[in-house]
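Chemist: Quick one: this structure, given as structure tokens, is what I'll be asking you about.
Quick note: the coordinates plus some simple rules give every number you see, no bench work behind them. Remember, it's a predicted structure, so these values are computed and weren't measured experimentally. Reconstructed Cβ throughout: ideal geometry from the backbone, glycine too, with neighbour counts over all protein chains shown.
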Amino acid sequence: MNSAIAPVRKHLTDIHEWQRLGEANIFPPDSRIELIEGEILEMAPIGFNHSGHLKRIIKLFSKLTQDATIVSAQDPLQLGDLSEPEPDFMLLKPVDDFYSSRHPNASDVLLLIEIAESSLSYDQNQKLRLYAMHGVAEYWLLNLNDNCLEVYREPHGETYAQKNTLRAGDSVTLTQLPDITIPVSSIL
């Protein structure tokens, strides 16, 4: 008896099918899922420390940028046809409709921040690669495990040409908004 073994195949989805799944309420409203390179990934729940740091970042950048940007927290970012992550925080270029007719894409992002505890390795590798490949100009990783801010700039292929690790005594100036310099301690 000759039996063929069928290879296991992954079903990858694209942005259009992903949006239809969302519109059909396939996923529970409180689910934390993202579309990353065609795969639907379940993200870890947000803890108190992570949430508190996000609130601090929102308050700081809302005050610093006022009407010069749109502050976005845990909202979708469309990256090509296969990815729609929900970064913890983004400063976006202002548009009249506040992105109510489309999700922002990489060219709309002035600054993207991920806050990492349990997701540190994923954010330092897969997310970094994804953001670099799509040309997100400035990616900050607030590393709560090591109490530092990792600043990635100059996307080049699947990585960033520039990486700086900053601590509480340091300050950082945004490349896309050079009038804004913040002490790293204000977000740690």
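Chemist: Subtract the Cα-Cα distance of Asp14 and Asn105 from 0.36 nm times their separation in residues, and report this length gain in nm to one decimal.
Modeler: On the way: separation 91, 0.36 × 91 = 32.76 nm, distance 1.54 nm.
Between Asp14 and Asn105, full extension yields an extra 31.2 nm.
Chemist: Moving to a separate point now. Return the long-range amide H neighbours of Ala168 (sequence gap of 5 or more, or a different chain), with a cut-off of under 5 Å between placed amide H atoms.
Modeler: Under 5 Å from the amide H of Ala168: no residue qualifies.
Chemist: Let me ask something additional. Taking only the C-alpha atoms, wrap a convex hull around the chain and report its volume per residue in Å³ as a whole number. Spell out each step's value before the answer.
Modeler: On the way: hull volume 29.0 nm³, N = 188.
Enclosed volume per residue, from the Cα hull, is 154 Å³.
Chemist: Oh, and also: Given the options Ser51, Ile182, Pro87, identify the residue whose Cα lies farthest towards the positive end of the charge dipole of the chain (+1 on Cβ of Lys, Arg; -1 on Cβ of Asp, Glu).
Modeler: Ile182
Chemist: Expressed as a fraction of 2.2 N^0.38 Å, the rule-of-thumb size for a compact globular protein of N residues, what is the C-alpha radius of gyration of the range 83-188? Before the final figure, lay out each step's value.
Modeler: Numbers: Rg = 13.6 Å, N = 106, 2.2 N^0.38 = 12.9 Å.
Rounded to two decimals, the normalised Rg is 1.05.
Chemist: What are the ³J(HN,Hα) couplings of the range 56-73, residue after residue, when phi is run through the Karplus curve with 6.51, -1.76, 1.60 and θ = phi - 60°? Round to Hz, x for glycine and proline.
Modeler: 4, 5, 4, 4, 4, 6, 4, 6, 6, 9, 6, 8, 6, 9, 10, 7, 10, 10
Chemist: To check you understand DSSP bridge types, tell me what percent of the beta bridges within the chain (both residues inside) are antiparallel, rounded to 5. Before the final figure, lay out the partial values.
Modeler: On the way: 30 of 36 bridges.
Roughly 85 percent of the beta bridges in the chain run antiparallel, per DSSP.
Chemist: How many angstrom lie between the Cα centre of the range 84-129 and the Cα centre of the range 22-76?
Modeler: Taking the Cα centre of the range 22-76 as reference, the centre of the range 84-129 is 8 Å away.
Chemist: Please turn the phi angles of the range 95-106 into ³J(HN,Hα) values with the Karplus equation 6.51 cos²θ - 1.76 cosθ + 1.60 (θ = phi - 60°), one per residue in order, whole Hz, x for glycine and proline.
Modeler: 9, 4, 8, 6, 6, 7, 9, 6, 7, x, 10, 4
Chemist: Further, regarding this structure: At 7 Å along Cα-to-Cβ for each site, give me the label-to-label distance between Leu21 and Arg56 in nm.
Modeler: According to this spin-label approximation, the distance is 3.5 nm.
Chemist: Return the sequence-ordered ³J(HN,Hα) values of the range 161-178 in whole Hz as given by the Karplus equation 6.51 cos²θ - 1.76 cosθ + 1.60 applied to θ = phi - 60°, using x for Gly and Pro.
Modeler: Once rounded to whole Hz, the list reads 6, 10, 9, 10, 10, 10, 10, 3, x, 8, 10, 9, 10, 6, 6, 7, 9, x.
Chemist: I would also like to ask the following. With no solvent and one equal point scatterer per Cα, compute the Debye intensity ratio I(q)/I(0) for the range 91-136 at 0.20, 0.31 Å⁻¹ and report its log10, rounded to two decimals.
Modeler: With one equal scatterer per Cα and no solvent, log10 I(q)/I(0) is -0.73, -1.10.
Chemist: If I model a spin label as a point 7 Å beyond the Cα along the Cα-Cβ vector, how far apart are those points for Lys163 and Val95 in nm?
Modeler: 3.2
Chemist: Evaluate the relative contact order of the range 46-186 (contact order divided by residue number), counting alpha-carbon pairs under 8 angstrom at least 6 apart; express in whole percent.
Modeler: On the way: 256 pairs, mean separation 22.2, N = 141.
Reported relative contact order: 16 percent.
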